[in-house]
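Written below as structure tokens is the structure these notes are about.
The values are calculated or read from the model by the stated rules, or taken from the named source; none is laboratory data. Because the structure is predicted, anything quoted here is derived from the model rather than measured. Quick reminder, even Gly has a Cβ in these numbers, built from the backbone with ideal geometry, and neighbours come from all protein chains shown.
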Amino acid sequence: MLHEHLKNYNIILASKSPRRQKFLADLGLDFTITTKEVEEVYPKNLQGSEITDYLAKLKSAPFKKLKNNDIVVTSDTIVWLDNKAIGKPKNREEAIKTLQKLSGKTHQVYTSVFIKSIEKEILFNDCTSVFFNELTLGEIIFYVEKFKPFDKAGGYGIQDWIGLIGIQKIEGSFYNVMGFPVYKFYREMTKF
């Protein structure tokens, strides 16, 4: 349905995330993947969705020469715990420490999406609260070593084993926790 609506557009997904790529494919969209390196640094006074809004828009900045039918899609996700942003862990030790911090607590996952064409710019975000059970150190180490969640904000994937055994409940969109609020994206893309 969305494919037919956007058939005259060239959709460019500026993301290396295999999950975001799969979501666009699952929506039936034809798209290309073009990523450009951007230093993901944001002003320290930003909070929650302000951070992801800023970074999603920043990732679109290198796409300056758009054609009439181009649509660029950029996105950013963070885990927010105790008024601090948690990004992707750099290594095994950092992933373990991050999951120990999340264990037994509730955190928020913020994802922002920026859609840019010659005609318009659309920025939106979503927030999901995630309630973690208490995790043992053994469970955390098993997960990190088996699933290597180094490309995921907060060091975990809700769709992975840790989600099955460690997440008690969520309030909000499941797909937002995976890094893309698909239902909002679908609605916004129907406006083109």
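Strands (runs of 3 or more DSSP E) fully within region 73-192 that include at least 1 residues being of a type in the set (Lys, Arg): 84-86, 106-116, 167-171. Checked against (1) in contact (Cβ under 8 Å) with a residue 40 or more places away in the chain; (2) out of contact with any strand residue (DSSP E or B) (no Cβ under 9 Å at 6 or more places or on another chain), Ile51 passes all but a single condition, namely (2). The set of residues from region 16-39 being surrounded by 12 or more Cβ atoms within 10 Å (Cβ to Cβ), over 16 Å from Asn176 (Cβ atoms) and within 14 Å of the chain's Cα centre (by Cα) comprises just one member, Gln21. The residue pairs whose first member lies in region 153-175 and is on the phi > 0 side of the Ramachandran plot, whose second member is buried (at least 17 other Cβ atoms within 10 Å of the Cβ) and of a type in the set (Val, Ile, Thr), and whose beta carbons are closer than 7 Å, counting only pairs six or more residues apart or on different chains, are Gly154/Val79; Gly154/Ile86; Gly154/Thr98; Gly155/Thr98; Gly172/Thr128. Inspect region 99-107 for any residue being surrounded by 24 or more Cβ atoms within 10 Å (Cβ to Cβ), more than 12 Å from the chain's Cα centre (by Cα) and at negative phi and give the result as yes or no. The answer is yes; a qualifying residue exists. The set of residues from region 160-173 being of a type outside the set (Lys, Arg) and loosely packed, with under 14 Cβ neighbours inside 10 Å comprises Leu164, Ile165, Gln168, Glu171. Is region 40-55 home to any residue that is closer than 24 Å to Val177 by Cβ and at pLDDT below 95? Checking region 40-55: at least one residue is closer than 24 Å to Val177 by Cβ and at pLDDT below 95.
If you filter region 41-64 down to residues that are surrounded by 13 or more Cβ atoms within 10 Å (Cβ to Cβ) and among the charged types (D, E, K, R), you find that the one that is nearest to His107 (Cα to Cα) is Glu50. The number of residues in region 144-159 that are buried (at least 18 other Cβ atoms within 10 Å of the Cβ) and under 17 Å from the mean Cα position of the chain (by Cα) comes to 8.
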